[in-house]
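Peer 1: Quick one: this structure, given as structure tokens, is what I'll be asking you about.
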There are 2 protein chains.
Amino acid sequence: MAEHQLDPGKIHFKWNNALDPALRIAPGDVVHCWTQEVTNGQIGPDSKAEEIPTVDFDQIYPLAGPIHVDGAEPGDALSVEILSLEPDDWGWNGIIPGLGLLSDDFGDPYIRHWDLSDGQTTRLDDRAVIPLQPFCGTMGVAPAEPGEHFNLPPGNFGGNVDIRHLNEGARLLLPVQVPGALFSAGDCHAVQGDGEVCVTGLECPMSFSLRFGLEKGAGLASPTFYTHGSPLSRHDTEAGYFATTGVGPDLMENAKNSVRRMIDWLGKEHGLSPEDAYLLCSLAGDLKISEIVDAPNWLVSFYMPLGIFRR
Amino acid sequence: MAEHQLDPGKIHFKWNNALDPALRIAPGDVVHCWTQEVTNGQIGPDSKAEEIPTVDFDQIYPLAGPIHVDGAEPGDALSVEILSLEPDDWGWNGIIPGLGLLSDDFGDPYIRHWDLSDGQTTRLDDRAVIPLQPFCGTMGVAPAEPGEHFNLPPGNFGGNVDIRHLNEGARLLLPVQVPGALFSAGDCHAVQGDGEVCVTGLECPMSFSLRFGLEKGAGLASPTFYTHGSPLSRHDTEAGYFATTGVGPDLMENAKNSVRRMIDWLGKEHGLSPEDAYLLCSLAGDLKISEIVDAPNWLVSFYMPLGIFRR
């Protein structure tokens, strides 16, 4: 079993099963990568909110890869073991007009920069301390369908899945679509809640190491994964959560309402502006479907860990 | 502050703000209740699956109450502190034709009886041990709209919210709709996952004690709550989770697909029949919205704690 360092210059911006492999490996091999943050450096530590609408969307999601895994065939599962995830010292998150769960409510660009240099936590001024829980927002294999595919939406091939529990120690299984699998990853987040409600996690450059394997003929329909599923911090079950709800016949509307009500609460209880509250919701709040069977009304809950306010 | 025992005969089957109070209390008071399981005894420890379709839906959700809280006015929040929850020794869950997230896939009635006598866990044969985590599936105030309302769907007044984390130590806040609030509760579950996917939790008779309070003029739009948000057991983050996904433009379809894929996995990995797997999903699996912003495809994940298989 070999270890490989993937050249950080080997990136691509679209899913496309005709791309030449950046690297060829065997099952069992480990690959070490580093990727730029989601805009490929268009947003940097000095960027202002006004720069967000100028971001060139043809240059977002710089993905390390594609990695060709010998012997991978359609119908197999590609196993991706997440060995390590190390954010650089800086990250950002913000509001991108036109995107995000509450794009109707938040029309202006907004940005926050985050100091990740202690490697464990990051601070929202003196108001909240958020434990880091890094993962790659995007991990996928090349889709079966030929041609270029925009890399924002995820699919059964994986991609921009934004699953916050794909942390160190987790293992992702992806349904191989084309021979060699052609795996790519990037879009790293230092932390994010279930939902990624404002459309940005804590976006940052990151080094990560993955071990690849094959489960022959697994016949997966979509990604599956094993995870420790850790809460945001060990203090969560001690400090507990405050949760809001949205109740009604549409899960999407319920999710929006639950987040709107959390933004209201963060303003009243913690003095956060709507913009900062929305950002905090995206970084630390979790969307859960509490009930999806009591027709005609479903209930979506949005949980905020109270430990982040214990400074 | 007084303590009250609510007469177990004081139940009702519909939400209706014209009902006479079963009890009048002051803010700060504690009320001790006991309710029958969700069918009000139509299903008992000896019931067979064939009895499920004969259940009279006019007699489901026997709710303790209504409890009139002095001084409660529309616009206030009724605070409900959950002091204790003690299931009786027996419970059931099952498949009710026509109801449940996968009602298209499961057309026949099915039932499992569960031994709750040790007070801590319950067993699915020798295949899984599920820690108990009791709560009242239904807690609500009388809706503002006059007349009788079926008690299956929840609403902004609360009701059949089926929020699995309203366990001992949690505190629920409900938006008062009518003077006196007219609170009722029941539909007790010894354990249930986020989603309650097969439409039954672990349905059981239960004793519970609640402390009531008022937050004047809180102006809630829908229920909110404080909770420890505990995982199913302390072993969860050690044993971890296996999770399936559903990816696409419709949250409901994604939820269905994620549960279908978990049922497949429970069959392959743990030898469960589809019916038992569906029941286990309802009792122990959690639906999460991992990503709701990467248009046009959202991602719903369904997490199964692996600790339940460590026997």
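Peer 1: How many partner chain Cβ atoms sit within 10 Å of a residue's Cβ in peptide B:143-150, on average, as a whole number? Walk me through the intermediate numbers first.
Peer 2: Working: counts 0, 0, 0, 0, 0, 0, 0, 0.
Across the residues of B:143-150, the mean count of other-chain Cβ atoms within 10 Å is 0.
Peer 1: Which distances, in nm and shortest first, link the B:T54 label point to the same label point in every other copy, taking 7 Å along Cα→Cβ?
Peer 2: So the distances to the same position in the other copies read 7.6 nm.
Peer 1: To the nearest 10 square angstrom, what accessible area does B:F135 show with a 1.4 Å probe?
Peer 2: 0 Å²
Peer 1: Leaving out ligands and nucleic acids, note down the accessible area per residue over the range A:3-226 with a 1.4 angstrom probe, in whole Å².
Peer 2: Value for the range A:3-226: 34 Å² per residue.
Peer 1: Looking at the calculated P(r) for chain A, what percent of the C-alpha pair distances fall above 37 Å?
Peer 2: The share of Cα pairs beyond 37 Å in chain A comes to 15 percent.
Peer 1: R0 = 51 Å: FRET efficiency of B:K268 with B:A221, Cβ-based, nearest 0.05?
Peer 2: For B:K268 and B:A221, the calculated efficiency is 0.70.
Peer 1: Using packing as a proxy for protection, rank A:62-69, A:185-192, B:50-57, A:124-131 so that the peptide with the highest average count of other Cβ atoms within 10 Å comes first.
Peer 2: Working: A:62-69: 25.9, A:185-192: 28.4, B:50-57: 13.5, A:124-131: 16.2.
Going by the mean number of other Cβ atoms within 10 Å, highest first, we get A:185-192, A:62-69, A:124-131, B:50-57.
Peer 1: Any idea what angle helix A:274-284 forms with the longest principal axis of chain A, computed on alpha-carbon atoms, 0 to 90 degrees, nearest 10?
Peer 2: Roughly 50 degrees between the two axes.
Peer 1: Once the piece of chain linking B:M1 and B:D126 is laid out straight, how much longer is it, given 0.36 nm per residue of separation minus the C-alpha distance between them?
Peer 2: Working: separation 125, 0.36 × 125 = 45.00 nm, distance 4.70 nm.
Length gained, B:M1 through B:D126: 40.3 nm.
Peer 1: Apply the Karplus curve 6.51 cos²θ - 1.76 cosθ + 1.60, θ = phi - 60°, to the phi angles in the range B:191-202 and return the couplings in whole Hz, x for Gly and Pro.
Peer 2: 6, 6, x, 4, x, 6, 5, 8, 5, 10, x, 7
Peer 1: Compute the long axis of helix A:251-270 from its Cα atoms, compare it with the longest principal axis of the Cα atoms of chain A, and write down the angle in degrees, 0 to 90, nearest 10.
Peer 2: 50 degrees
Peer 1: Now a separate question. Using label points projected 7 Å from each Cα along Cα→Cβ, tell me how many nm separate A:L83 and A:E145, to one decimal.
Peer 2: 3.5 nm
Peer 1: While we're here: Using only protein heavy atoms and a 1.4 Å probe, how much accessible area in total is buried between B and A, to the nearest 100 Å²?
Peer 2: Summing both sides, the interface buries roughly 4900 Å².
Peer 1: Projecting each Cα onto the charge dipole of the protein assembly as shown (Lys/Arg +1, Asp/Glu -1 at the beta carbon, about the Cα centre), which of A:Q42, A:T200, A:A190 comes out farthest on the positive side?
Peer 2: Of A:Q42, A:T200, A:A190, it is A:A190.
Peer 1: Still on this model: Which of A:A277, A:V300, A:N257 sits closest to the plus end of the dipole of the range A:232-311, meaning its Cα is farthest towards the positive end, when Lys and Arg get +1 and Asp and Glu get -1 on the C-beta?
Peer 2: A:A277
Peer 1: Step through the residues of the range A:83-88 one at a time and calculate ³J(HN,Hα) from phi using the Karplus curve (6.51 cos²θ - 1.76 cosθ + 1.60, θ = phi - 60°), rounding each to whole Hz and writing x for Gly and Pro.
Peer 2: Along the range A:83-88, the couplings run 8, 7, 9, 10, x, 5 Hz.
Peer 1: Treating only the Cβ of Lys, Arg, Asp and Glu as charged (+1, +1, -1, -1), what charge dipole size does the range A:97-172 show about its Cα centre? Round to the nearest 20 debye. Numbers along the way, then the final one.
Peer 2: Working: 5 positive and 11 negative charges, 58 e Å.
Dipole of the range A:97-172, to the nearest 20 debye: 280 debye.
Peer 1: Let me ask something else. Nearest 20 debye, what's the magnitude of the dipole of the protein assembly as shown about its Cα centre given +1 on Lys and Arg Cβ and -1 on Asp and Glu Cβ? Spell out each step's value before the answer.
Peer 2: Numbers: 38 positive and 88 negative charges, 122 e Å.
Using Cβ point charges on Lys, Arg, Asp and Glu, the protein assembly as shown gives about 580 debye.
Peer 1: Mind checking Rg over Rh on the protein assembly as shown, alpha carbons, Kirkwood formula for Rh?
Peer 2: 0.99
Peer 1: Nearest the rotation axis from B to A, which residue of chain B has its beta carbon, and at what whole-angstrom distance?
Peer 2: B:L251, 2
Peer 1: Distance between Cα centroids, the range B:60-82 to the range A:240-311: provide it in whole Å.
Peer 2: Taking the Cα centre of each part, the range B:60-82 and the range A:240-311 sit 23 Å apart.
Peer 1: Under the definition of partner shielding as Cβ atoms of other protein chains within 10 Å of a residue Cβ, what is the mean value for peptide B:249-257?
Peer 2: Values: counts 1, 2, 10, 6, 0, 2, 4, 1, 3.
What the average comes to for B:249-257 is 3.
Peer 1: How big is the accessible area of A:W90 in square angstrom, nearest 10, if you roll a 1.4 angstrom probe over the protein chains?
Peer 2: 40 Å²
Peer 1: Heavy atoms only, probe 1.4 Å: what % of the accessible area of the protein assembly as shown goes to carbon and sulfur, would you let me know?
Peer 2: 48 percent
Peer 1: Mean projection of the alpha-carbon convex hull of the range B:237-308 over all orientations, in nm²? Display every interim value, and only then the final one.
Peer 2: On the way: hull surface 18.8 nm².
Mean projected area for the range B:237-308: 4.7 nm², to one decimal.
Peer 1: Largest first, what is the accessible-area ranking of A:L173, B:L214 with a 1.4 Å probe? List each step's numbers first, then the result.
Peer 2: Working: A:L173 10, B:L214 45 Å².
Ranked from most to least accessible, the order is B:L214, A:L173.
Peer 1: In sequence order, what are the phi-derived ³J(HN,Hα) couplings for the range B:93-108 according to the Karplus relation 6.51 cos²θ - 1.76 cosθ + 1.60 with θ = phi - 60°, rounded to whole Hz, with x for glycine and proline?
Peer 2: 9, x, 9, 10, x, x, 10, x, 4, 10, 5, 6, 8, 10, x, 9
Peer 1: Taking chain B, how many lysine pairs are there with alpha carbons less than 30 Å apart, if each pair must be eight or more places apart or span two chains?
Peer 2: The result is 10.
The values are calculated or read from the model by the stated rules, or taken from the named source; none is laboratory data. Because the structure is a prediction, the values reported are computed rather than measured. Note: ideal-geometry Cβ built from the backbone for every residue, glycine included; neighbour counts use all protein chains shown. Surface accessibility is based on the protein's heavy atoms, side chains included, excluding ligands, DNA and RNA. Shrake-Rupley method; radii C 1.70, N 1.55, O 1.52, S 1.80 Å.
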